[in-house]
Amino acid sequence: MSIAPKTCKEMPVTTLSIPTVGSMGKTGSWRTFRPVVDYSKCTRCTLCWIYCPDGAITRQEDDSPKIDYDYCKGCGICSNECPVKAITMEREGE
Amino acid sequence: MAGSIKELSKEEYLLKGHGACAGCSLAISLRLLFKALGNKIVMVVPACCTSVIPGPYPYTSLAVPVQNMLFEATGATASGVVAAFHRRGIKDVTVVGWAGDGGTVDIGIQALSGAAERGTDFIYICYDNEAYGNTGMQRSGATPYGAWTTTTPTGKKERKKDTPFIMAAHRIPYIATACSSYPIDFINKLRKAKEIEGTKYIHILAPCPTGWRYDTSKTVEIGRLAVQTGMWVLFEIENGKFKFNPPSNRLIDKAKRRPVKEYLTLQGRFRNLTEDDIERIQKWVDEDWERYCKLASNQYV
């Protein structure tokens, strides 16, 4: 839903900010550890989805989680809260 | 009323790529706010973390109308917005004042008190991370006893203000406390507040990994521990009637509450506490619970 202005002529006349995905850039670059979902263990409880501070987890049609690595900051809340430990944190670059 | 997480909308109005720290519970609370009330709201936000995390001009990650305002003016600005909607005959928009603990407990309390006294029809939400987090953790009136902040390097010597009861003294129709670790409780309280006319006040505990000095993955766990140890109590005061909410209603018996030490030792900001301090905090928590139990059984104190 990015309708952000590209040139100065498209800028709003008042100090009005425009809703944009990634207003602070791709925040996935802040991450040190990456959450990886084991779909065979996942019970579709959607707890990871509701507790994700970044909204980087999407609830799919069958309620299983899909992580958007462009914006996940790697805080690890999903991994800590998962009742069946289906999400593990793995170091980036390994 | 929402019964389970799966009934909640998949729509997101806090867009991805915002500037909150990793593991921020304020961002969880904002998502829950939008899940409860949708996008038919106008937010009034003073100087606080929420005025920073949407990102730099001309972008924002909040996909609802937001009025950024001065630190002390949340209540007054919300009153103006409500008056404008009233004059135009628009009735289906909820006005939400969304401020941090500094902007509520210290700086914004006069405007909030004025709005409550006038009976302005809006929901005021204070998300309480117990310090001025946005400027680098300075002490606020909501910082608890013994907590480290940059301005109390050896631990704060005073106790936390009891803001929900300051608001109760205004005799407003609805006051509640919540925590982002209990999403259904928070969402039900917001939906209830939306249906009530008059000033509604909700105080959320917002654990802050950056300022409280704990691992980012523990945010939800810390919030849950705060409730289970009785350091944070989930209750609502509806038309002067005090009521505990689950799971706090099961903790009235002292033996069922976990010792406060479990909550305190997990956080780096309490590392200076001595055994005496911990005992003192435990005593205060138990005294507070006695007072709440009397209120719940209608023996007003």
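A short reminder: the numbers here are calculations on the coordinates, not readings from a lab. On a predicted model such as this, the values are computed, not experimentally measured, just so you know. Please note: Cβ atoms are built from the backbone with ideal geometry, for glycine as well, and neighbour counts cover all protein chains shown.
Key figures
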{"item": "Cut-off under 5 Å, modelled amide H: who pairs with B:F122 long-range", "result": "B:G198, B:T199, B:K200"}
{"item": "FRET E, pair B:R171, B:D253, Förster distance 35 Å, beta-carbon r, rounded to 0.05", "result": "0.65"}
{"item": "Shielding score for B:9-21, defined as the mean number of other chain Cβ atoms within 10 Å", "result": "6"}
{"item": "Helix axis angle, B:275-296 relative to chain B longest principal axis, alpha carbon, degrees", "result": "50 degrees"}
{"item": "Antiparallel bridges, percent of DSSP beta bridges restricted to segment B:154-301 (to nearest 5)", "result": "55 percent"}
{"item": "Cα-based shape type of segment B:23-296, given that a ≥ b ≥ c are square roots of the gyration tensor eigenvalues and the cut on a/c is 1.5", "result": "prolate"}
{"item": "Charge-dipole axis of the protein assembly as shown as Lys and Arg at +1 and Asp and Glu at -1 on Cβ define it, positive-most pick from B:T199, A:Y71, A:G22", "result": "B:T199"}
{"item": "Using alpha-carbon coordinates, inclination of helix B:74-88 to the longest axis of chain B, degrees", "result": "30 degrees"}
{"item": "³J(HN,Hα) computed for each position of segment B:191-204 - Karplus, 6.51 cos²θ - 1.76 cosθ + 1.60, integer Hz, glycine/proline x", "result": "5, 5, 4, 4, 7, 8, 8, x, 7, 10, 10, 10, 10, 9"}
{"item": "Phi to ³J(HN,Hα) by Karplus 6.51 cos²θ - 1.76 cosθ + 1.60 over segment A:12-23, Hz, x for Gly, Pro", "result": "x, 6, 9, 7, 10, 8, 10, x, 9, 6, x, 5"}
{"item": "Derived scalar couplings ³J(HN,Hα) [segment B:232-241; Karplus, 6.51 cos²θ - 1.76 cosθ + 1.60; whole Hz; x for Gly, Pro]", "result": "10, 10, 8, 8, 9, 10, 10, 6, x, 9"}
{"item": "Calculated FRET value between B:E158 and B:T265, using beta carbons and R₀ = 25 Å, to 0.05", "result": "0.70"}
{"item": "For segment A:38-80 versus segment B:129-156, the gap between their alpha-carbon centres in whole angstrom", "result": "32 Å"}
{"item": "In degrees, nearest ten, helix B:219-228 long axis to first principal axis of chain B (Cα)", "result": "60 degrees"}
{"item": "Placed amide H near A:I18: partners under 5 Å, 5+ positions off or other chain", "result": "B:Y59, B:T60"}
{"item": "Considering only chain B, percent of DSSP beta bridges that pair antiparallel, nearest 5", "result": "30 percent"}
{"item": "Mean Cα-pair separation over length for chain B, i.e. relative contact order, pairs under 8 Å, 6 or more apart, %", "result": "16 percent"}
{"item": "Estimated FRET transfer efficiency (B:Q110, B:I196; beta-carbon r; R0 30 Å; 0.05)", "result": "0.80"}
{"item": "Cα-centred dipole magnitude for the protein assembly as shown, charges only on beta-carbon of K, R (+1) and D, E (-1), debye, nearest 20", "result": "260 debye"}
{"item": "Sequence of B:F85, B:F122 once ranked by neighbouring C-beta atoms within 10 Å, starting from the fewest", "result": "B:F85, B:F122"}
{"item": "Inter-chain shielding of B:217-225 (mean C-beta neighbours from other protein chains, 10 Å cut-off)", "result": "4"}
{"item": "For B:H203, B:H18, order by how many other beta-carbon atoms lie within 10 Å, fewest first", "result": "B:H203, B:H18"}
{"item": "Average partner coverage of A:68-78, which counts Cβ from other chains inside 10 Å", "result": "5"}
{"item": "Fewest-first ranking of B:E130, A:E92, B:E72, using other Cβ atoms within 10 Å as the exposure measure", "result": "A:E92, B:E72, B:E130"}
{"item": "Rough spin-label spacing in nm, given labels placed 7 Å along Cα→Cβ, for A:K66 and B:R87", "result": "4.7 nm"}
